[in-house]
Amino acid sequence: MQDVWVSGAGMTRIGRRGEPLAELMAEAALAALAMAGLERPQAIVVAAMNPEEFVGDGNFASNVASHMGFADVPTLRVETATSSGAAAFYAGFAQVASGLCSTVLVVGGEKMTHVATPRVSELIGRSIDPYERSYGATMPALAALITRALMARHGVGEREIAAVAVKNHAHAARNPLAHFPSLVTMDEVMASRMVSDPLRLLHCCPISDGAAAVVLTSTRGPVRVAGVGQGTDTLALRHRHELTSFRATQTAARAAFTMAGFGPARVDFAENSINRKAVRSHPAHSPDRERARCAWQHSINRRELRRHPAHLPDRQRARCAWQHSINRRELRRHPAHSPDRQRARCAWQHSINRRELCRHLAPRPRHPRFEPFSNPSIQ
């Protein structure tokens, strides 16, 4: 498999735009090609969610290629609902890595602001399982259901969820191409209009127009793609193994790390978990920060637990740490001097003692049949 490099990238301003979608995508694509120092690609992969309904254009890949002046370049369209951009990148990577093409332009975009909000919600909602949709489920409603389950099962509070929106807007304030390049406060998020409990207006992404593109090449560029992965889960939420974790994302991550040949420890920048964002959103030594830190440590311990095979000493140690973080988080939920807090303190102390015991577990001796074969007489 050939190395794949990102040689150029381009992006339009995001927001309410008057230009047609094909023109927005052409703007991003030509900017990416200019950065890569190329006049035309060997292939194009287009990502767009339901352009037939949103902009009324069919055969959209050819439409976009023609608008960019590349009518004779092989073009295909990829659509996986709201992850269409990532799927298009995956398809473009495969073309370069396999040797089919040496340069692939990947471009994605959406144009929605010209459509009334109820109609946009209806069109986006068509990617939901038909049975669940028949009961009135919408994207915000399902997101709210998952968020409420996260709050109930993992002790995440409304302020921790709001901290994610505060962080997102802080990043947007540093990006002149963002739809809303402005800061928001925790109080503004908490006071914004309820969309679907517990998600408020400032928790939710806006309806936007815009496009972005990258150029993937087999020749050396600024960024090498070390690994990619793709995963799929059941469309219906009711059929998923776990409501508050996404198996498709986990599958894709494992595949990407396997291809890259290293694990998360080597990653210098990543999208942080909600728990870690929440920790950093609170002032030092505040009760909210302490609760958030407990939740963050709990998520680390749980992830560490799943890394080790069953019945090994490392897994036993990880299980002790995980249980300890549960007890510590439970302890901080109760007011001082209450009976519930006293019971939680006993459980917490017990987990401290158990964790200390687990630290001294002796390694299990290997069974002779698992010893590697060695014969000095064989060279």
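Every read-out reported here was derived from the displayed coordinates using simple, explicitly stated rules and does not represent laboratory data. It should be emphasised that the depicted structure is a prediction, and the values quoted were computed from it without experimental measurement. Positions of Cβ are backbone-derived with ideal geometry, glycine not excepted, and every protein chain shown enters the neighbour counts.
Summary of values
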quantity: HN-Hα J in Hz across the stretch 15-27 - Karplus 6.51, -1.76, 1.60, θ = phi - 60°, x for Gly and Pro; calculated: x, 8, 10, x, 6, x, 4, 4, 6, 4, 5, 5, 4
quantity: Cα-based radius of gyration of the stretch 90-148 once divided by 2.2 N^0.38 Å, which approximates compact folds; calculated: 1.70
quantity: Cα centroid separation - the stretch 139-165 against the stretch 54-70, whole Å; calculated: 38
quantity: Cβ-based exposure ranking for His239, His114, His169, in which fewest neighbours within 10 Å come first; calculated: His239, His114, His169
quantity: Ellipsoid semi-axes in whole angstrom, largest first, where each is sqrt(5λ) of the Cα gyration tensor of the stretch 56-121; calculated: 26, 16, 8
quantity: The stretch 232-273: Cα Rg divided by the 2.2 N^0.38 Å rule of thumb; calculated: 1.39
quantity: Intensity falloff of the stretch 152-258 expressed as log10 I(q)/I(0), Debye formula with alpha-carbon point scatterers, at q = 0.12, 0.21 Å⁻¹; calculated: -0.70, -1.16
quantity: Tail weight of P(r) past 12 Å, computed on alpha-carbon pairs of the stretch 143-188, percent; calculated: 64
quantity: Fraction in percent of alpha-carbon pairs per bin - 10 Å, the stretch 19-128; calculated: 14, 47, 29, 9, 1
quantity: Taking the convex hull of Cα positions in the stretch 60-193, its mean projected area over all directions (nm²); calculated: 12.3
quantity: Whole-number D in µm²/s for the stretch 118-207 (Stokes-Einstein; Kirkwood sum over Cα pairs; 4 °C, 1.567 mPa s); calculated: 91
quantity: Ordering of 27-36, 50-59 by packing [mean C-beta count within 10 Å, highest first]; calculated: 27-36, 50-59
quantity: Trypsin sites (Lys or Arg not before Pro) lying in DSSP loop within the stretch 103-190, provided at most 15 other Cβ fall within 10 Å; calculated: Arg126, Arg174
